[in-house]
Structure formats: C-alpha cells, structure tokens
1. Quick one: Kirkwood hydrodynamic radius for the stretch 59-170, alpha-carbon pairs, angstrom, one decimal?
2. Compute the Rg/Rh shape ratio of the chain: radius of gyration over Kirkwood radius, all on alpha-carbon atoms.
3. If Rh is defined by the Kirkwood formula over all Cα pairs and Rg also comes from Cα, what ratio Rg/Rh do you get for the stretch 153-208?
4. Skipping prolines and chain starts, which residues have an amide H placed within reach, meaning under 5 Å, of the one on Ile170, given they are 5 or more residues away or on another chain?
5. Label point 7 Å out from Ala91 along Cα-to-Cβ: which residues of the stretch 36-66 have amide N under 12 Å?
6. So which trypsin sites (Lys or Arg not before Pro) in the stretch 92-121 end up in coil per DSSP with only 10 or fewer other C-beta atoms within 10 Å?
7. Amide H of Ile127 versus every other amide H placed in the peptide plane: which residues, excluding those fewer than 5 positions away on the same chain, fall under 5 Å?
8. Counting only protein heavy atoms and a 1.4 Å probe, tell me what percentage of the stretch 154-208's accessible area is made up of carbon and sulfur.
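The values are calculated or read from the model by the stated rules, or taken from the named source; none is laboratory data. Here the structure is a predicted model, which is why all the values come from computation and not from measurement. Virtual Cβ from ideal backbone geometry, glycine too; neighbours counted across all protein chains shown. Remember, those area values only see protein heavy atoms, side chains included, never the ligands or the DNA or RNA. Shrake-Rupley method; radii C 1.70, N 1.55, O 1.52, S 1.80 Å.
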Amino acid sequence: GMNIPESQYRFVGRPQVHAIEPTPRIGDEPVPTVLYAPTWEGVNQLQEYSSLRAIGLRVVEAMIDSGAVRVVYKPHPFTGQRDAKYHVAHARIVARLDAARAETGIDHRVVRGGSLTGWMNQSTALISDISSVLSDWLAGEKPYAVFNHTTMGTREFREAFPSSAAATIIDGTGQGIGEFLDVVTGGGPDQLAEYRSKLATYLLGPPE
C-alpha cells in the first residue's frame, strides 16, 4: 500500500505472503541471486524513499564487480512518473546490467513487469527501500538490505521504520553494500537471521 503507514502493515491482509518461499538459502547456489527492487520516487518529496536515483547504480555496480552474485533488477512500475531523473537512473542500470551479462555470462536480469513473488522465490537476498515489499519478503526470512533515505542514524532509522529492524542498512554513500554481499555469498556471518525470524512473526503473525 502506497500510503499505508508502516505501523499498519501487519493489519493488511496480504495473501501473496503465503506464496513466499524460504529458499534458496545462503550457500544453496554457487552464484546466488540478489533481487534489487527499489520503490518509485513517491507522490511527493516527503514520500521519496527510493534508492534508485541516490545509489541505485552504485549498488548494482558493487554487485556486478563482486563477480559473486546474479542481479535481478525489478523497479516499481511507477518509476519516473513524478521525476524524469529516475528514468535516467533506471536507463543507466539497465545498460550496465546488459553489458555485464554479455561480459560475464552471469544471467543478470532486468524485469519490467509481472509479479514480484516469483522473483523473490528465485532470490537468496533482497535489496529494497521502505515499502510493502519488505513485509512480503520477510515471510521467507531470507537476508535483506534497506536503503536509509533519511539523515537519521541507523538506530533511529530502524525505530522509525520497523520493517528495517532486521535488515542490513545501506546509507546514502553506499556504506553497507559490501557487508551485505559478504553475508549473501557466505563470506561473513548472517548475524541478523534470528532477528528476521522474530520480525516476521511481529509484522506478519505466526508462520502458519
């Protein structure tokens, strides 16, 4: 829901949550898939939560440069509706992914439509923004990273936006991407796993 305050997420009946799978897990695949699903720029600047223009290309390049993950990029269908600069950022990411697919042979994808659920179920990890995507993703309890669109520190941001409480936080300079990629590729410990489980129960109710 575009205008639903985050505190109300858990009261919204979201049937697709039951279709979200807890696999693939870290280590299941030699080249894990990371889903980058940024939200759009919002109806006004007060609702501008999107990472796309701020750090989207940086996030995608860090993943490509790691050589260790496959990127599936699925922007929100409203991207660029209010601010044409988002179209420019989107086009740069598309070009970079197309080039990387040709150069590396890794099947990086740009997804332009359809349901997010199927792509979530192919992905080991998610990078996104404050949006309803997070509460859906949490049903699978897999690792996720969230863009901090504010000037708040991490602790304050987590308190303001509870769905980010079990995420790796990526700031406006891109800090956090490397740490997240370490978790996804098994190079570093997945220290937030227990928190994801607790947060999923808090936001969505018991797994059954």
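1. Mean inverse Cα-Cα distance, inverted, gives 15.3 Å.
2. Over the Cα atoms of the chain, Rg/Rh equals 0.93.
3. Ratio of gyration radius to Kirkwood radius: 1.01.
4. Under 5 Å from the amide H of Ile170: Val146, Phe147, Asn148.
5. none
6. Loop-located and lightly packed - Arg112.
7. Leu35, Tyr36, Ala37, Ala145
8. On the stretch 154-208, the fraction of accessible area on carbon and sulfur atoms equals 50 percent.
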